[in-house]
Amino acid sequence: MRLKIYNITTVFFLLVLLLIPFSGLFSQMSYQPNNKNKQIFSDKLDTKHLFYEDEEYSTDSSSYYKGWSFGASFGFYFANKNTANFYNGSGANDIGYILDNIYYKEPIEEKIGYDFDKNMDPPWELPQNMRYDPAMTVGFYAKYNYSKSFALFFQTTYVKLKTTDVFLLHLEKPQNTLEPTYNQYGILGMEERLSFDIGVSQEYDINEVVRVYIETGLSMNSTTVLKNLILIEDMEYSIINVYGNQGYIPNSNLQEFEIRQGGIGWGIFFGTGVRLVFSEHVSIDPGFTLYLQNIVIKDNTNFEPTYARFGPSFTAFIRFTFKDFF
């Protein structure tokens, strides 16, 4: 699946790059002067500037480019793996919360058909190199141009991330069996991230249709843990401890705590891409953004210290930008 997503992204941007050489021809066709009207307007028309002000064509175009534009972006987010091991069952969300509790353990052993290996402590081995899957991202974009080439912008993006792996559960199987002495079961984590970016953008004209842009600025992110599960046979068990030090006891009406795991992080970003300007109101802006962020995950019960990791992540996106529609 990861390879397929990479291929889709690569093919799309190769198509964009192949279209750029034809943009010069497009711009010439779009801006071809009308020979029939040339004589009529020759005494009034400045062919270099098409901006009308006080019944005269102005040579100052800066005011024309000033103003707001808005857009929406869609793409793929490739998260750094540094925080993925939060979900491997060894930290705040301890797999022992389920597998060491007799009220969970006995039904699980009955379901599997074997007891946990008592000669091992603990009788499981956890993954140490979990990674996030590439995920779809959506965002909103607002920009204020001070000139044709320079702008200040704000954007926010949302992504839901998932990481999956397997852990080994060692079992007391008969020694004469040809089966391995362990079974593999799934472990899963899911989180959502909301990013708020503020930055500056600089553009450079290639021709009338294609403009290259670069962006940089500051980023704030909010991370929220949604799930942390283990999957054994056909059953799912959450390893987020909602009972604290009480432990789970069936039919005991124990109080469940509202566990919120996540946090606020900061970072910087750098981006680049091309603007394909189809009219004075609409452009399509494919690009890439590199984030250097600190992702923070902590437990609101304060049982565990803050889990924070700094590292690079990036997005590949298409942005649709609209100007002077409001």
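As an equivalent ellipsoid, region 123-163 spans semi-axes of 41, 10, 7 angstrom, where each value is the square root of five times an eigenvalue of the C-alpha gyration tensor, largest first. Counting only Cα atoms, region 178-226 measures 70, 28, 14 Å along its principal axes, largest extent leading. The alpha carbon gyration tensor of region 115-223 gives principal lengths a ≥ b ≥ c with a/c of 1.5 or higher and a/b greater than b/c, which makes the shape prolate.
Around N207, with a cut-off of 15 angstrom between Cβ atoms, what is the net charge of the other residues, counting Lys and Arg +1 and Asp and Glu -1? Working shown, then result.
Details: positive: K148, R211, R275; negative: E203, D205, E208.
Result for the local shell: 0.
Given axes a ≥ b ≥ c from the Cα gyration tensor, I'd like to know whether region 213-257 is rounded (a/c under 1.5), prolate (a/b larger than b/c) or oblate. Judged from the Cα gyration tensor, region 213-257 comes out oblate (a/c at least 1.5, b/c at or above a/b). What would the Debye formula give as log10 I(q)/I(0) at q = 0.18 Å⁻¹ for the alpha-carbon point model of region 222-293, no solvent? With one equal scatterer per Cα and no solvent, log10 I(q)/I(0) is -0.90.
Could you tell me the calculated FRET efficiency between Y243 and E172, based on Cβ-Cβ distance and R0 = 25 angstrom, to the nearest 0.05?
Working: r = 28 Å, r/R0 = 1.13.
For R0 = 25 Å, the calculated efficiency reads 0.30.
Please sort by residue number the chymotrypsin sites (Phe, Trp or Tyr not before Pro) in region 104-179 whose DSSP state is loop and whose Cβ has at most 15 other Cβ atoms within 10 Å. If you can, show how the numbers build up before the last one.
On the way: sites: Y104, Y114, F116, W124, Y132, F140, Y141, Y144, Y146, F150, F153, F154, Y158, F167; in loops: Y114, Y146.
Counting only loop positions with at most 15 other Cβ atoms within 10 Å, the chymotrypsin sites (Phe, Trp or Tyr not before Pro) in region 104-179 are Y146.
Taken over region 167-273, the ratio of Cα radius of gyration to 2.2 N^0.38 Å equals 1.90. Measuring how big region 200-326 is from its alpha-carbon positions, Rg and Dmax come out at 22.8, 73 Å.
The local environment of F167, defined by Cβ-Cβ distances under 13 Å, has a net charge of -3 under the rule Lys, Arg +1 and Asp, Glu -1.
No lab work stands behind these numbers, since they all come straight from the coordinates. The shown structure was predicted, so the numbers you read here are calculated from the model rather than taken from an experiment. Reconstructed Cβ throughout: ideal geometry from the backbone, glycine too, with neighbour counts over all protein chains shown.
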